[in-house]
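Colleague: Once you've had a glance at the structure underneath, I'll fire off some questions.
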Amino acid sequence: MHLDMNLLQILALLFLPQAWGQSSSSRPAVVEAKNITLPAGSKAVLPCHSPRMVWTQDRLKDRQRVVHWDVVHSSPDHSVDRVLDMSPGARQRVYNGFNKGRVFIPDSAFTDGNFSLVINNVVNTDKGVYTCNLHHHYCQVHESIQIQLNVTKSARKEKRYWDGEKTVLVVLLGSSIVLPCVNRRALWRDGLQEDQQQVAHWDFQPPGVRPNKADRLVDLYASGERRNYGPLFAQSKMSVAEDAFAYGDFSLSISDLMPEDKGLYSCHLHHHYCGLHERRIFRLTVGPSLPREPTTPPRIFLNDELEPKTEEVSEDSPRVVNVFLPEQRGYFVQHLGYFLATFLLLAFIVIAVIMLTRRRKKRGLEYEMGRSVGGTMISEGEIALDCTEMRTYNQDSLNSEFKNNLLKERDMVKECNKEFDGKMWK
């Protein structure tokens, strides 16, 4: 029994609801979200990289898009056979001679995105798991859809159901069946020139502003055209690399951050021909500014020098300041030792001077006491000693070397004092 082709296509769509989910949405998918906090006055770089967004002219598009159907038979030994394949620049190729004219896909597959496999006059050898493989080598798209086909001889057993992994079709022997494979994404349609299909733009959403009221910052096109909105790019406060489309790097640089720069920044990447729509969101928060560097040069202490040494530096030579800081513990112990040594030296000198002064005063007092007594020395304990008792005086002849008796008497007193001093200190 043969069914109308249009009716089979409608039934294929109804029994494969996930095929509708493959159609691209106009809303870009969020692939990255980050919170960034930087101090005021600094420079921010909001990264936006996409290895898939390296734009080159695709002059061989017809060879980049391929669809092929494969089947895995349950017997013998789960063999895998290629049923057919097709590309826009060539007619479809059927690999088994028995299937020619009996198995095919619509010729308009690459126009309307319907790659469903039609099988007429179903036989028992058609049983197996069929896979529809869609490849776009340039856009790096590789998708697969699996459908299991079973054959029955009873019309009452015909049915379609989902086994949790794939669609299962039980068809009547000798009938015709359509294995649905629908992909209506834009990448399967012929688009305009490639430089008009590739667009990147940045949006800014201040705090408290709704997403649909976000401000557009810049539009970038693969053709080299740029559209800046507002004075930020004209004043070089914001910038995007000129070779963004060559390396796939659309990072946004913001210099001299200010509090009013905080908010949501979003990078949108679109390739309408490949059906690529990506969005990256960055929440930028501006914190307090960094402390300014001191305007006066730092004081430099080399070893024990108290005053810094300044040298004339030429404008061309690099200005390098070497600062030597002593260790805290060694510095304290060293100066403490200097202080103690100085204190002990001064104390020793003072004590020595005091002792010497006392000794001199004491000798002078004893000398005066000896002279006042006239040959008799009186000690502090009121003991009177006569020099004649300690030593017998030998009178010299009148022809002595002394000029008179007074000089001789003075010499005797000195001798007496020496002996008495020695006995008293012993």
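Read-outs throughout are calculated quantities, based only on the coordinates presented, and are distinct from any laboratory measurement. The structure displayed is predicted, hence computed values, not measured ones. Don't worry about glycine lacking a Cβ; one is built from the backbone with ideal geometry, like all the others, and counts go over all protein chains shown.
Colleague: Those residues that are of a type outside the set (A, V, I, L, M, F, W, C), on the phi < 0 side of the Ramachandran plot and within 53 Å of the chain's Cα centre (by Cα), I need them from region 74-96; list them, please.
Modeller: SER79, ASP81, ARG82, ASP85, SER87, PRO88, GLY89, GLN92
Colleague: Tell me, which strands (runs of 3 or more DSSP E) wholly within region 146-230 include 3 or more residues that are touching a residue at least 40 places away in the same chain (Cβ under 8 Å) and more than 35 Å from the chain's Cα centre (by Cα)?
Modeller: Of the strands (runs of 3 or more DSSP E) lying wholly inside region 146-230, those with at least 3 residues that are touching a residue at least 40 places away in the same chain (Cβ under 8 Å) and more than 35 Å from the chain's Cα centre (by Cα) span 167-172, 177-179.
Colleague: In addition: How many residues, within region 79-102, are under 26 Å from LYS153 (Cβ atoms) and touching a residue at least 24 places away in the same chain (Cβ under 8 Å)?
Modeller: Going through region 79-102 one residue at a time, the tally reaches 1.
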